[in-house]
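Below: one structure, written as structure tokens.
The values are calculated or read from the model by the stated rules, or taken from the named source; none is laboratory data. This is a predicted model, so every value here is computed, not measured. Positions of Cβ are backbone-derived with ideal geometry, glycine not excepted, and every protein chain shown enters the neighbour counts.
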Amino acid sequence: MQTLTLAAALAAGTVLSAGAASAANICFAFQDLETEFWVAGHQAITTALQEGGHTVIERNANEDANRQLEQVRDCIAQGVDGIIIIPQDGESAATIVNEAQNADVPIAVFNRPPSDLSKGIIVVADNATIAEQAVDFALTKAIERAGGEPVQPLILVGDLGDPNAVGRRAGFNAAVEKHGDAVATPIEVASNWDAATALSNLEAAVTANPNIDMLFTSSDFLFPTIRSVLEPRGMWKAAGEEGHVVMAGLDGDATACSLIKEGYVDATGVQDLYFEADAALEALLAAMEAGEAQPNQVIEDPGFALTTDNIGEREMDMWGCVLLAEGFLNK
């Protein structure tokens with residue numbers, strides 16, 4: 001995996017623009033910018049397009065799937081040359097891809113796949129495998145510390161209407177099954193990708209089950225919420241301290257990078273944000289240049305797990321660590 005600085009990643013727009021012979025109007029419809037991942041993805045995509053000489057029509061649906069559909073319909077009515085979308089969920093994504101393809105407008109779906117993978121340019125992380133790698137590392141650490149007693153894991157589950165959340169839970173369960181009787185039945189806590197929901201449900205779960213040995217969050221953006229629940233209970237401890245809860249997450253954001261460095265988090269599954277943004281735009285612009293109105297292609301990001309064991313070698317392969325190095329958390 002190539003090491004990138006943020007500046008170098010964003011400068012990739014000059015390369016991407018080579019795929020299109022003339023400037024184009026691109027509709028970029030996204031569901032929201034709540035997390036570091038979506039903010040960084042939005043910045044990479046818009047900067048690359050603008051530096052390539054393209055006009056970007058931005059539409060923020062504020063997590064409303066119906067509103068996003070209407071926004072895309074409006075973009076189509078304006079005669080845009082192509083669409084890139086971060087959808088609210090898998091079902092609405094499939095509807096929007098069909099809408100675009102019926103109007104002969106090429107469309108690329110960034111990171112959150114539609115329920116129908118047969119239509120559109122779809123760039124998606126291998127969520128199950130990435131989650132399994134991170135959780136397997138964390139469970140191994142927890143088992144080593146348990147002294148023969150079964151470890152108690154907890155998972156903060158995402159919105160199961162999102163295929164990403166489904167894949168991450170599947171990867172978590174695969175890692176749990178791998179360790180057999182060394183791991184107790186997991187506690188599942190719904191977050192619905194919402195910090196307030198996660199806070200309420202995690203507080204209830206930890207109050208009822210205070211002896212948690214390992215915790216996995218399906219998205220790194222919830223680590224501050226987790227801290228607000230664990231710290232008052234004396235459970236927010238760095239590795240090596242008495243009472244450390246082994247933790248893992250998924251996304252690879254700057255907060256997770258910082259927490260791994262500090263020893264509070266043991267691993268996170270990393271989505272290669274810059275690869276995904278580059279792949280989505282390259283495929284979309286190539287289809288537009290070729291006059292292909294209904295391109296269909298699945299591009300998979302294999303990702304990897306950044307852990308306390310490999311951070312020395314792979315730190316700058318993680319987009320969140322790149323942002324951290326650029327001072328993202330200080331802005």
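Worth a mention:
- When restricted to residues that are farther than 26 Å from Val109 by Cβ and surrounded by fewer than 17 Cβ atoms within 10 Å (Cβ to Cβ), region 150-183 contains 6.
- Being surrounded by 15 or more Cβ atoms within 10 Å (Cβ to Cβ), modelled with pLDDT under 95 and either within 26 Å of Ala165 (Cα to Cα) or not assigned by TED's automatic domain parsing to the domain that holds Arg168 (or both) is true of Glu276.
- Considering residues of region 313-331 that are farther than 16 Å from Gly269 by Cα and surrounded by fewer than 17 Cβ atoms within 10 Å (Cβ to Cβ) only, the residue modelled with the lowest pLDDT: Lys331
- Matching residues in region 291-310 - criterion: being of a type in the set (A, V, I, L, M) and closer than 21 Å to Asp126 by Cβ: Val298, Ile299, Ala305, Leu306
- In region 2-26, the residue that is modelled with the highest pLDDT out of those that are among the hydroxyl-bearing types (Ser, Thr, Tyr) and in a loop (DSSP other than H, G, I, E, B) is Ser22.
- Subset tally (residues that are surrounded by fewer than 20 Cβ atoms within 10 Å (Cβ to Cβ) and under 24 Å from Gln271 (Cβ atoms)) for region 47-63: 9
- Yes/no for Ser219 being under 21 Å from Gln271 (Cα atoms), among the hydroxyl-bearing types (Ser, Thr, Tyr) and surrounded by fewer than 19 Cβ atoms within 10 Å (Cβ to Cβ): no
- Those residues of region 124-151 which are of a type in the set (Val, Ile, Thr) and at pLDDT below 95, in sequence order: Val124
- Any hit, region 228-246, residues being in contact with a Gly (Cβ under 7 Å, 6 or more places away or on another chain) and of a type in the set (D, E, K, R): yes
- Any hit, region 300-316, residues being touching a Pro at 6+ places or on another chain (Cβ under 9 Å), of a type outside the set (Gly, Ala, Ser), closer than 26 Å to Glu144 by Cβ and not assigned by TED's automatic domain parsing to the domain that holds Ser115: no
- Counting only strands (runs of 3 or more DSSP E) wholly contained in region 223-329, the ones carrying 1 or more residues that are over 30 Å from Val206 (Cβ atoms) and more than 20 Å from the chain's Cα centre (by Cα) occupy 296-301.
- Summed over region 165-216, residues that are in a helix (DSSP H, G or I) and among the β-branched types (Val, Ile, Thr) total 5.
- Considering the conditions (1) in contact with a Leu (Cβ under 9 Å, 6 or more places away or on another chain); (2) assigned by TED's automatic domain parsing to the domain that holds Ala24, Asp253 is excluded by exactly one of them, (2).
- Residues considered: Ala103, Ala40, Ala29. Of these, the only one that is crowded, with 22+ Cβ neighbours inside 10 Å and at pLDDT 95 or above is Ala29.
- Here Leu154 meets the list (1) assigned to a strand (DSSP E or B); (2) at pLDDT 95 or above; (3) within 30 Å of Leu285 (Cα to Cα) almost entirely, failing just condition (3).
- Residue list for region 106-127, restricted to those being without any contact (Cβ under 8 Å) to a residue 60 or more places away in the chain and surrounded by fewer than 19 Cβ atoms within 10 Å (Cβ to Cβ): Ser115, Asp116
- Residues within region 64-75 that are out of contact with any Ser or Thr (no Cβ under 6 Å at 6 or more places or on another chain) and either surrounded by fewer than 18 Cβ atoms within 10 Å (Cβ to Cβ) or farther than 22 Å from Ala24 by Cβ (or both), tallied: 7
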